[in-house]
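Following: one structure in structure tokens, then a few remarks.
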Amino acid sequence: MDKVSTPSLSIVIPTREGFADHWFNALTEVKGEVEFILVHPPGAPKYPTSDPRVQQIVSPLRGEIIQRATGLINATAPYTLTINCDEYINPDISEISRQYFSRFPDSWVMRLSRKDVEFDKKEILEAPWLSPKLIEKLEVCGRSQGNSKLYEQGNYLLEIPITPIDNKFDVMCIFRGRRDHRGPHTENFDKKVWKTSIAQETLKDLVGLMPFMGPFKYIPFWCLDRVLGLAIQAKFFEQGKGKIIGHLLPMPEQIRIENNPPEYIRFNRYGVLSELYLIRRFPQYGYMWNLVIPNILNVPRIFIRSRLGKEV
């Protein structure tokens, strides 16, 4: 594909310094009319490549939200996938997406089946990919049909209903945490192929909320993943209420994700700072309050454990 061709899929990647050459080489093995949008942190050099499908942007600020948002706003294909700079995707992902949205043109999202790989198992990450199954040959299963367990057979697409955004606020979530996140719906945006138009329209809403009061602006550096995934479903909830908005693809996997090294300590990033945008934009939906209130109450515990150097 040359620079003037219209891509069918945009793949957005917020990068960090020093990502691996073998990862980039694997990325550019993706076939078809795709565009890769790499968004680097401030001061990072652009990666040397002659692949005309690769666009590179140096972000003015460092952080997942600003880097990923910059890439999403610049996506030009009708469908967009966001991944990280250490995740491997099936080279046929563009064709898989084409088949899926040809069969389900009203879907908002195609969720990829993933394979988690132990740290430093490069032979698994870089192993040949199995041929994808033809989307038109797959049956559909899901809760609406009472047959979700058929998904485990490997020849079914699993329905993804819209998140029940209009749930009422559950006061008990203050004491025992929330429960309405359980189920076949999806909250997160990352590692899925979404319709670009609804993602960009929603993202512009969120970016517009970043000025809080007067000249004060707050740009949280992480957790765009869940915020954007839920914001899309809330913004278009009346259109999608009671509907199936997408499907989970069966194995074999379309994305491979390497686990963190054994010595890695996972610190909570205070995702609630980003999730407050959901309350500000959609205060009418109890689902958002059920998410944010327990997370606010959990901040002191997170802070103490982080100060002690303990995993959260």
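Bear in mind these aren't lab numbers, they're just calculated from the coordinates by the rules spelled out. Values in this document were obtained by computation on a predicted structure and should not be read as measured data. Cβ coordinates were reconstructed from backbone atoms using ideal geometry, including for glycine residues, and neighbour counts include every protein chain displayed.
Taking amide hydrogens as modeled 1.01 Å from N in the peptide plane, which residues meet the under 5 Å criterion relative to Lys121, leaving out close sequence neighbours?
Those qualifying (amide H under 5 Å, at least 5 residues apart or on another chain) number zero.
How large is the Rg to Rh ratio of region 103-243 when both quantities use alpha carbon positions and Rh follows Kirkwood?
Ratio of gyration radius to Kirkwood radius for region 103-243: 1.02.
For region 55-63, in order, what is each residue's ³J(HN,Hα) by Karplus, 6.51 cos²θ - 1.76 cosθ + 1.60 with θ = phi - 60°, in whole Hz (x at glycine and Pro)?
With coefficients 6.51, -1.76 and 1.60, one gets 9, 10, 10, 9, 6, x, 10, 8, x Hz.
Could you give each residue of region 163-172 its phi-based ³J(HN,Hα) in whole Hz, using Karplus coefficients 6.51, -1.76, 1.60 with θ = phi - 60°, and x for Gly or Pro?
4, x, 4, 7, 3, 7, 5, 9, 4, 5
Can you list residues whose amide H is under 5 Å from Tyr79's amide H, if they're 5+ apart or on another chain and H is modeled 1.01 Å from N?
For Tyr79, the qualifying residues are Ser10, Thr196.
Averaging over all projection directions, find the projected area of the Cα convex hull of the chain and quote it in nm² with one decimal place.
17.6
Neighbour counts of other C-beta atoms within 10 Å: give me Tyr88, Tyr47 arranged from fewest to most.
Fewest-to-most Cβ neighbours within 10 Å comes out as Tyr47, Tyr88.
Expressed in nm², what is the orientationally averaged projection area of the convex hull enclosing the Cα positions of region 3-124?
8.1
Based on DSSP H runs of at least 4 residues, each adding -39500 (n - 2.57), what is the mean residue ellipticity at 222 nm of the chain after dividing by all its residues, to the nearest 500 deg cm²/dmol?
-8500 deg cm²/dmol
Can you list residues from other chains, or at least 5 along the same chain, whose modelled amide H is less than 5 Å from the amide H of Phe169?
Placed amide hydrogens put Gly286 under 5 Å from Phe169.
Given a cut-off of 22 Å, name the pairs among Lys115/Lys192; Lys121/Lys195; Lys195/Lys243 whose C-alpha atoms lie farther apart than that in the structure shown.
Table pairs above 22 Å Cα-Cα are Lys121/Lys195.
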